[in-house]
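Here is the structure we will look at, set down as structure tokens.
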Amino acid sequence: MQLTAQRKQEIFFADPTIYVNGDKYYLTGTKGTREGPAGFAVLESKDLKTWAPPAAADDSVYMILTRGDQTYGTRGFWAPQIFQANDTYYLTYTADEHTVLASSASVLGPYRQDEVAPIDITEKNIDSFVFKDDDGKYYLYHVRFNEGNYLWVAEFDLKKGKIKPETLKKCFDQTEPWEATPAYKSVPIMEGPTVIRLKDKYYLFYSANHFENIDYSVGYAVSDSPFGPWIKQKDSPILHRSIVGENGSGHGDFFEGLDGELYYVYHVHFNEQRVG
């Protein structure tokens, strides 16, 4: 899959994320094909231009997490995020419309669970993003359903792999015209969160509109606290088809490049007629 995609100058991951480790970039995301095992594959690069599976790849695909390999989930493996704490690498992702946390001693996995279970089984939740604040506390940003997709945050106990339910808080409602364009009618949808802290401000980047909408795009809100209140910024959306020239630009993640610059990786629709 990946080698064919590379020859066509396309990489078929949705909801992508790039993790930087040593002198390499590691790219993963929601798998864009029904071929091969369910889970998450990875590509690596040193320049963000030429991508290939790691040298140990089998059949041109290198899986860092595979369904059934001591991991939760049977279908719908979406939106992974890699991060490191101490000597352990973590992968948070969605499966069976629940958020999941797995770990590994290597950035290339395999990522597995000691106890095969989601982070929060009480109700469905997707699109997880774990943010570590300067004081060492972790927060889980994610999506919960209530006649739409809404962003929520809770303090996260990394050792237990569970949220602190008493801290659970909704971030905001759908309020802006760009978050619900008439190009594709749907319930309110805000998803794909990424949070960064710059000085004393917290920046929450998110995607809005249904992913099949050509106006699927990225905006952001700012707060003085990980819990908000969040002030949506008037220059949103900052990624949109009118800016990047391709439909459905959204649901990505930030990373700091080897050059020290801040980047955002995201997906777009297959072409002007096809969403997949």
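Taking other residues whose beta carbon is less than 12 angstrom from the beta carbon of T74, and scoring Lys, Arg as +1 and Asp, Glu as -1, yields 0.
Work out the charge dipole of segment 5-159 with +1 on the Cβ of Lys and Arg and -1 on the Cβ of Asp and Glu about the Cα centre, then indicate which of F77, W152, Y90 is farthest towards its positive end. My answer, from the dipole projection, is F77. Take the alpha carbon gyration tensor of the chain, find the square roots of its eigenvalues, order them as a ≥ b ≥ c, and report rounded if a/c is under 1.5; if not, report prolate when a/b exceeds b/c, else oblate. Judged from the Cα gyration tensor, the chain comes out rounded (a/c under 1.5).
Spin-label model, N146 to D173: label points 7 Å out along the Cα-to-beta-carbon direction sit 1.0 nm apart.
Of the trypsin sites (Lys or Arg not before Pro) found in segment 198-238, those that fall in a DSSP loop while having at most 13 other beta-carbon atoms within 10 Å are K199, K234.
Average accessible surface for segment 24-179: 47 Å² per residue, computed with a 1.4 Å probe over protein heavy atoms with every protein chain in place.
With the whole protein complex present, R75 retains an accessible surface near 140 Å², based on a 1.4 Å probe. Per atom type, the chain shows carbon and sulfur on 48% of its accessible surface, probed at 1.4 Å.
Largest mean-square fluctuation among G109, G73, G219, in a Gaussian network model of the chain whose springs join Cα atoms under 10 Å apart, belongs to G109. Stokes-Einstein diffusion for segment 203-276 at 4 °C, viscosity 1.567 mPa s, with a Kirkwood radius from C-alpha pairs, works out to 98 µm²/s.
Let's see if you can work this out: charge +1 on each Lys and Arg Cβ, -1 on each Asp and Glu Cβ, no other charges. What is the dipole magnitude of segment 117-192 about its Cα centre, in debye to the nearest 20?
Roughly 280 debye for segment 117-192.
If you rank I18, I214 by how much accessible surface each has, with a 1.4 Å probe, what is the order from largest down? Could you put the intermediate results ahead of the total?
On the way: I18 15, I214 60 Å².
In descending accessible area the options line up as I214, I18.
Once all protein chains are placed together, E261 keeps about 110 Å² accessible to a 1.4 angstrom probe.
Of M63, M190, which has the most accessible area with a 1.4 Å probe, and how do the rest follow in descending order?
Numbers: M63 40, M190 0 Å².
So the residues, ranked largest to smallest area, are M63, M190.
Taking the Cα centre of segment 83-160 as the origin, how large is its charge dipole in debye, to the nearest 20, when only Lys and Arg (+1) and Asp and Glu (-1) carry charge on their Cβ atoms? Each step should come with its number before you reach the end.
Values: 7 positive and 14 negative charges, 32 e Å.
For this selection, approximately 160 debye.
The values are calculated or read from the model by the stated rules, or taken from the named source; none is laboratory data. No experiment lies behind these values; they were computed from the predicted model shown. Cβ atoms come from the backbone with ideal geometry, glycine included; neighbour counts cover every protein chain shown. Side chains are part of the model used for accessible areas, which takes the heavy atoms of the whole protein and leaves out ligands, DNA and RNA. Shrake-Rupley method; radii C 1.70, N 1.55, O 1.52, S 1.80 Å.
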